[in-house]
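Enquirer: Have a look at this one before I ask anything.
Bear in mind these aren't lab numbers, they're just calculated from the coordinates by the rules spelled out. None of the values given here were measured: they were computed from a predicted structure. Don't worry about glycine lacking a Cβ; one is built from the backbone with ideal geometry, like all the others, and counts go over all protein chains shown.
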Amino acid sequence: MDPRRVPRTVSDPKVRQVGFFAPPDRTQSGPPAPTSSSPPVSEISPSGNSLSPVMIPPPRNLSSDISRHFPPAPISPLRGGRGAADSSIPVGSYNPSEFISPTATADFSEDAVSPGWSRKGNSAKFASSLPTGGIGMAAVKQNNVPASGLATVSTVRMPKAVTEKGGATGEVQMEQQPGDSKISKEKTTKAERRALQEAQRAAKAAAKSGGSKTQAAASGVNSINANTGKVPKVTPSKKDSSSVAASEKRGGDRQPDKDRKKDVPHPRMQFDDENRVEKAKRRSVVKQTEARSRVELFRHLPQYEHGTRLPDLESRFFQLDPIHPAVYKVGVRYLAGDISGGNARCIAMLQAFQESIRDYSTPPEKSLIRDLTTKINSYVSFLIECRPLSISMGNAIRFLKTRINKLALNLSESEAKASILLDIDRFINEKIILADKVIVKHAVTKIRDGDVLLTYGSSSAVEMILLHAHELGKQFRVVIVDSRPKLEGQMLLRRLVGQGISCTYTHLNAVSYVMHEVTRVLLGASSVLSNGTVYSRVGTASVAMVAHQFRVPVLICCEAYKFHERVQLDSICSNELGDPDAIARVSGRTEINYLEGWTNSENLQLLNLIYDATPSDYVSMIITDYGMIPPTSVPVIVREYQREHLWI
Amino acid sequence: MATEIPQSRQNLDPQISLYYQTRAAHHAVVTNDWLAQAQAAVGHPPEDAVSENSSLKSAGGEESGNGFSVVNEFNNWRKQPDLAEAVAAIRALASVIRSSQATTMMELEIELKKASDSLKSWDTTSISLTAGCDLFMRYVTRTSALEYEDFNSAKSRLLERAERFGEISYKARKIIAMLSQDFIFDGCTILVHGFSRVVLEVLRTAAQNRKLFRVFCTEGRPDRTGLRLSNELAKLDVPVKLLIDSAVAYSMDEVDMVFVGADGVVESGGIINMMGTYQIALVAKSMNKPVYVAAESYKFARLYPLDQKDMVPALHPIDFGVPLPSKVEVEMSARDYTPPQYLTLLFTDLGILSPSVVSDELIQLYL
């Protein structure tokens, strides 16, 4: 593999360059791949890795294999069109169409530094300057049709993403001498991108009118098959004109969105896809600045500079006509971090929606169902900009939209509104509040006198269980494990000690030290996925793993409405990135300032993950409002849930 | 048999599980107690009824005012040693429906609930009895047609379902025996622990199908299950070898598969069975031998033990043959819990299942 590997790293900017690699060899011609023509991308140094030479080796997965086998032919026309026209179809791993067509659908209103957008402009320029550019483009676009068909969701994402990054920076480097050293390339790239970012901001301020509601409507819909849905849908629209293709794409996206289930929270959009990010940015309400130095492995997740968003949003309160004030308030609270925890966020969001529905009136000539759905979509996309949706919120939104769609057409407006408001109330009551009571009832049967219970962070369900068990008079003590930067365990500690429960408090690095005296571990969850994986606050997986090693039973307490049918194998493909500055600083200790100015260092990135995925092997039992079930039974609950319409 | 219960409760250590006492009564071991009660049952029926009513007043004996007592019925059924307790309970509950004089569905359900509770209280440590009663209640009352029909047709429908459940449970052993035939191949060596009538049925059917296999029985102290089982197998002309309990790991090399029954199958897919099952499963797992569990579906219980101590304790006396100083404690628990990761397959009348399916079935039934 190695002889082929080196040219691959050099010549294939679409391949995510994660891992240790040799410095790229400029003089390499295209890879000696058996199947394709040689895209002359060897001139372009690898894109993503130019920023951070020390990175995590990639998992050996399908995408990297596929991308190794199938070189990115579509890049070629923009590079000089060498053999572009006859480039064979890169079957499978990625669909470069987004890169090629500047009209790549950016559904989700996200702001980002998108030199990609202007790079599209550059690419157009370059392409036009190249003799075979236009032909290559057309050929490539045709090639994309079969390519999309074979793409699986996971592989589509990564290579597509890399496509953008790779192509974009590679493109930029076209401007310079190929012989530049890597360091100067990096600097130029960054400076170049910052300049582009400034230009982009100016352009965006001018183009603010693009944020219409209809655009937001199409953008706001979260489709579980957004990526695969887009891939086949993108291919039909192969027009050069951006606006036409954009509207086609939006229409194309609407069709799968209508037909398919509207679910899957936002995080599945790949944020290293420059085109879509740019598109989203134009429609966004909240002004976001993409953070400048980002960890390579997590480029597909959004990361913004946290300092600027809140004041900016607050100042724009009176300009946000399409957003109902209640929704705006909730969004601001998400942004500020006031509301945290799956249940709290979901309830706050639903109550804000209730307010907005109360104040809603159907415009003339419009159907209530469709118009209300559109409005809800726009609110959802606003909330996503403030903070990516949690899975509980995603499920609640899905429920709400299903209920709206099921409204009988002959209802008057007030009746329809009353019905929806009632449904929301029932959802909150049955699926959250009552569910918590049932969970507490089941869980206290597993607490015996003399138990030492360990919990991590602060989960509302676990807190209720502990307080109730204490009320019942059980004798136990609690070990609370906490971690930076959020230190959520301190709130739990305060409340438990206030009720007279004897507690021990420690940090995550001591968990293996303290685990030997623990008899049960109680953890909360943001969601439980269909393969039994528990998606929860970062650090939960470590606690569960240590508990498993010590043969301590791990009980996960999670309401059933948080279950999701998706499957996740690791914590990387879908996650949320928090504010890296929170890691750099220690509150109350200003003398610990070793990381001050970390953004200026090019070799340093800070990563603040919010969630992680605990494999089902470490989980002994999941306590839900359906009773105590083994982790293997989660898909059964999801199946029964949907079949019996238990969300209703 | 009803008279035996109050006597037993008074005569012996109240900590001892009735379940294990009565099992002895079933397995061709003629004890004095049994003789006494047999005589009583034959000779003095009115006294039986009176004493039974008085002793069971608190446990729903007011039904005797109707001329019918579910526990009486239960014990009539149980006089057949081959019949599983849970099946007897299910049949008794079916007869409650049959002879009920309720006029509304609600009344009938309340009657059923009371009958079920009284049966369960007869032996609180028996998991299969509790599970069987609960499942019966769910199965029978789960029909949606109850709301729409008049009472009599609803009642006959309930009765029909109840009888069907009873039939299935009764035939469960035969079904399991049939399903498991494919797993016994010629020349195989089977390790059996405990005296399970289902496993015996499996082996009996295999012997009748002229399969050539041999069986290792663990001694099964203190219940002497191995001795009883080897008796039975010898009658079937199956080569049997007795092992003391400590010789299981020693002989595990020669064994091809382990066959056990179950007192109860819990929601995680694990089983609760006679003490020693967990040990054998651990050894088998470490030596890569499959562990097969033969259990009827009415044994699926909504329990979820997290460890060995997380269950209702069931104790039985252990006779060491020599007097022990009173300071010495004896572990008297009669059963243990085997987690699902040590089990390979469950043979049930619902089919051959992997342990994680148990929860699936329970969810479908209960939700």
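Enquirer: Could you look through the stretch B:318-344, keep only residues that are among the hydroxyl-bearing types (S, T, Y) and in contact with a Phe, Trp or Tyr (Cβ under 8 Å, 6 or more places away or on another chain), and pick out the one that is nearest to the other protein chains (Cβ to nearest Cβ)?
Expert: Of the stretch B:318-344, the ones among the hydroxyl-bearing types (S, T, Y) are B:326, B:333, B:337-338, B:342, B:344.
Within this subset, residues satisfying the condition of being in contact with a Phe, Trp or Tyr (Cβ under 8 Å, 6 or more places away or on another chain) are B:337-338, B:342, B:344.
Numbers: B:Y337: 12, B:T338: 14, B:Y342: 14, B:T344: 15 Å.
The residue in question is B:Y337.
Enquirer: Out of curiosity, is B:K289 part of a loop (DSSP other than H, G, I, E, B) and within 14 Å of chain A (Cβ to nearest Cβ)?
Expert: Values: part of a loop (DSSP other than H, G, I, E, B): yes; within 14 Å of chain A (Cβ to nearest Cβ): no.
In short, no.
Enquirer: Give me the pairs: first residue in the stretch A:518-530 and away from chain B (no Cβ under 14 Å), second residue among the aliphatic types (A, V, I, L, M) and surrounded by fewer than 24 Cβ atoms within 10 Å (Cβ to Cβ), beta-carbon distance under 6 Å, and six or more apart or on different chains, which are they?
Expert: Listed by first residue and then by second, the contacts come to A:L529/A:V567.
Enquirer: I've got another one for you. Might you check whether a residue that is in a loop (DSSP other than H, G, I, E, B) and polar (S, T, N, Q) occurs anywhere in the stretch A:363-374? It would help to see each step written out before you state the result.
Expert: Start the filter on the stretch A:363-374 by keeping residues that are in a loop (DSSP other than H, G, I, E, B), which leaves A:363-367.
Keeping just the survivors that are polar (S, T, N, Q) gives A:367.
Yes, the stretch A:363-374 contains at least one residue that is in a loop (DSSP other than H, G, I, E, B) and polar (S, T, N, Q).
Enquirer: Please go through the stretch B:230-260 and give me each residue that is surrounded by 20 or more Cβ atoms within 10 Å (Cβ to Cβ) and either within 12 Å of B:T338 (Cα to Cα) or among the aromatic types (F, W, Y) (or both), ordered by number.
Expert: Result: B:F259, B:V260.
Enquirer: Of all residues in the stretch B:292-317, how many are within 14 Å of chain A (Cβ to nearest Cβ) and in a loop (DSSP other than H, G, I, E, B)? Lay out the reasoning, then the answer.
Expert: Our first condition is that a residue be within 14 Å of chain A (Cβ to nearest Cβ); within the stretch B:292-317, this holds for B:300-313.
Narrowing further to those that are in a loop (DSSP other than H, G, I, E, B): B:301-313.
Final tally of qualifying residues: 13.
Enquirer: Test B:Q208 against the stated conditions and say whether it is surrounded by fewer than 22 Cβ atoms within 10 Å (Cβ to Cβ) and closer than 19 Å to B:Y337 by Cα.
Expert: Numbers: surrounded by fewer than 22 Cβ atoms within 10 Å (Cβ to Cβ): yes; closer than 19 Å to B:Y337 by Cα: no.
Judged against the criteria, B:Q208 is not a match.
Enquirer: Please verify whether A:V514 is among the hydrophobic types (A, V, I, L, M, F, W, C), more than 14 Å from chain B (Cβ to nearest Cβ), touching a residue at least 40 places away in the same chain (Cβ under 8 Å) and within 21 Å of A:G627 (Cα to Cα), treating the condition exactly as stated.
Expert: Details: among the hydrophobic types (A, V, I, L, M, F, W, C): yes; more than 14 Å from chain B (Cβ to nearest Cβ): yes; touching a residue at least 40 places away in the same chain (Cβ under 8 Å): yes; within 21 Å of A:G627 (Cα to Cα): no.
Criteria not met by A:V514.
Enquirer: Need the failing condition index for B:F347 against (1) within 14 Å of chain A (Cβ to nearest Cβ); (2) under 16 Å from B:N273 (Cβ atoms); (3) outside any loop (DSSP other than H, G, I, E, B), just the number.
Expert: Condition (1) is where B:F347 drops out.
Enquirer: Within the stretch A:592-634, which residues are part of a strand (DSSP E or B) and within 14 Å of chain B (Cβ to nearest Cβ)?
Expert: Residues of the stretch A:592-634 that are part of a strand (DSSP E or B), as a first pass: A:609, A:611-614, A:621-624, A:627-629.
Matches in the stretch A:592-634: A:M621, A:I622, A:I623, A:T624, A:G627, A:M628, A:I629.
Enquirer: Right, another one. Inspect the stretch A:534-553 for any residue being away from chain B (no Cβ under 14 Å), aromatic (F, W, Y), part of a strand (DSSP E or B) and touching a helix residue (DSSP H, G or I) at 6+ places or on another chain (Cβ under 8 Å) and give the result as yes or no.
Expert: Going residue by residue through the stretch A:534-553, those that are away from chain B (no Cβ under 14 Å) are A:534-546, A:549.
From the residues that got through so far, the ones that are aromatic (F, W, Y) too are A:535.
Now restrict to residues that are part of a strand (DSSP E or B): A:535.
Checking which are touching a helix residue (DSSP H, G or I) at 6+ places or on another chain (Cβ under 8 Å) leaves us with A:535.
Yes, because at least one residue in the stretch A:534-553 is away from chain B (no Cβ under 14 Å), aromatic (F, W, Y), part of a strand (DSSP E or B) and touching a helix residue (DSSP H, G or I) at 6+ places or on another chain (Cβ under 8 Å).
Enquirer: Take A:S587 and tell me if it is more than 14 Å from chain B (Cβ to nearest Cβ) and outside any loop (DSSP other than H, G, I, E, B). Quick ask: steps written out before the conclusion?
Expert: Numbers: more than 14 Å from chain B (Cβ to nearest Cβ): yes; outside any loop (DSSP other than H, G, I, E, B): no.
The answer is no for A:S587.
Enquirer: From the list A:I433, A:I439, A:I465, exactly one residue is farther than 22 Å from A:P553 by Cβ and of a type in the set (V, I, T). Which is it?
Expert: A:I433
Enquirer: Does the stretch A:388-437 hold any residues that are loosely packed, with under 14 Cβ neighbours inside 10 Å and either farther than 30 Å from A:I623 by Cβ or touching a Ser or Thr at 6+ places or on another chain (Cβ under 7 Å) (or both), and which are they?
Expert: Across the stretch A:388-437, the qualifying residues are A:N405, A:K406, A:A408, A:L409, A:N410, A:S412, A:E413, A:S414, A:E415.
Enquirer: I need the strands (runs of 3 or more DSSP E) fully contained in the stretch A:451-531, keeping only those with at least 2 residues that are closer than 24 Å to A:L389 by Cα and either of a type in the set (K, R) or touching a Ser or Thr at 6+ places or on another chain (Cβ under 8 Å) (or both). Lay out the reasoning, then the answer.
Expert: Details: elements: A:451-456, A:476-482, A:503-507, A:520-524.
Result: A:520-524.
Enquirer: Quick one: in the stretch B:261-283, of everything that is assigned to a helix (DSSP H, G or I), surrounded by fewer than 24 Cβ atoms within 10 Å (Cβ to Cβ) and among the hydrophobic types (A, V, I, L, M, F, W, C), which residue is farthest from the other protein chains (Cβ to nearest Cβ)? Working first, answer last.
Expert: From the stretch B:261-283, those assigned to a helix (DSSP H, G or I) are B:277-283; that's our starting set.
Retained after the next criterion (residues that are surrounded by fewer than 24 Cβ atoms within 10 Å (Cβ to Cβ)): B:278-279, B:282-283.
With among the hydrophobic types (A, V, I, L, M, F, W, C) added as a condition, the list becomes B:282-283.
Numbers: B:L282: 13, B:V283: 18 Å.
Out of the qualifying residues, it is B:V283.
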